[in-house]
1. Amide H to amide H under 5 Å from residue 214: which residues, 5+ apart in sequence or cross-chain, H placed 1.01 Å off N in plane?
2. Please grab the % of Cα pairs in region 22-141 that end up more than 19 Å from each other.
3. What percent antiparallel are the DSSP beta bridges of the chain, to the nearest 5?
4. Two decimals, Cα atoms only, Kirkwood Rh: what is Rg/Rh over region 230-292?
5. What do you get when you divide the Cα radius of gyration of region 169-244 by 2.2 N^0.38 Å, with N the number of residues?
6. Three principal axis extents, largest first, for the C-alpha atoms of region 92-151, in Å?
7. With no solvent and one equal point scatterer placed on each C-alpha of region 1-90, evaluate the Debye formula and give log10 I(q)/I(0) for q = 0.25 Å⁻¹, two decimals.
8. Using just the helices of the chain, give the 222 nm mean residue ellipticity in deg cm²/dmol: DSSP H runs with n ≥ 4 each add -39,500 (n - 2.57), and the total is spread over all residues, rounded to 500.
Amino acid sequence: MSGLPIEARGLRKAYRSGLGGRTVLALDGLDLDVRAGELFGLLGPNGAGKTTTVKILLGLTRATAGEARLFGIPVGDPRSRARVGYLPEGHRFPGYLTARETLAIFGRMSGVDRPTLRRRIPPLLERVGLASWRDVRVKKFSKGMTQRLGLAAALVHEPEILLLDEPTDGVDPVGRREIRDLLLDEAARGRAILVNSHLLSEIERTCHRVAVLRSGRIAVQGTIAELTAETSRYRMGVSPIDEPLISALRETGADVERVNGHLEISTRDLAQLNAAVDRARARGALLSELSPLRASLEDVFVDLLAAPADAAAPPAAPSAPAPRGEEPS
């Protein structure tokens, strides 16, 4: 391994399921790299292995096989967690504490001294939009405010790695934008950020790269541009649009639809696209736009999960059974 902030090679995690002791794989050979200054999105349906991956990285559960390291330190070593900030899903704070007191406690538990915390907490509360609530008890906070405070708690010791589980859950649209900007700023400062979320639109706007987990394996991985590129569909601005023109374009074998004052055309290759353009010009139509269409990340995600799996179900693990009481996630 090369000492990247987050590295995993061949991670497998077997859980014992039911009274019969049958084992299933929550992770089945996961390889993962997250670089410094990168926002990386980990996506997948429930049970795909996202939470299991984060638990292994945090040392909360052990992999059945494979290895994971944070800055080159094995995740089983407590030293690997000293540089990690973590925001779990559905976190809670004692209601009798104020926002300032909460961050002071989390900072002290992370080894930050009191003078440093006195300097660090006010601007941190300002960054997450809670400066005016710093001395209000947490029990009065909304879900979105609690989420902001959780993000501040993950940042209070200035970690070099952030592991975030649904960071914008329960936050209003304005707050989501502010958190999105904050995460981009943290990445620009060199932090490696792994985001686990079901809000695909947020992932699409924020993350540099994403990986989609399916049945414990990475089904697809890449940049947003790579995953959403779709060069076979084009938006065609042309006038006039009438049925004879659409029929002429379809004669080339292209699939043509009229959509809100323009045409969307699907072709098998560039030769067919050019043939359709030639047909339009031959009819005297004026071409004002021809641009490739991109799928949304949600389209990619849904299509991937709807496609037949490579294998039926994750196979039973041949290795030693996992401890009782753990469940795949």
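1. Under 5 Å from the amide H of residue 214: 219.
2. Value for region 22-141: 61 percent of Cα pairs lie more than 19 Å apart.
3. Looking only at bridges with both residues in the chain, the antiparallel portion is about 70 percent.
4. With Rh from the inverse mean 1/r over Cα pairs, Rg/Rh is 0.90.
5. Dividing the Cα Rg of region 169-244 by 2.2 N^0.38 Å gives 1.55.
6. Ordered largest first, region 92-151 gives principal extents of 29, 21, 17 Å.
7. With one equal scatterer per Cα and no solvent, log10 I(q)/I(0) is -1.43.
8. Value at 222 nm, helices only, nearest 500: -9500 deg cm²/dmol.
Values in this text are rule-based calculations from the coordinates and carry no lab data. Please read all numbers here as calculations on a predicted model, not as lab measurements.
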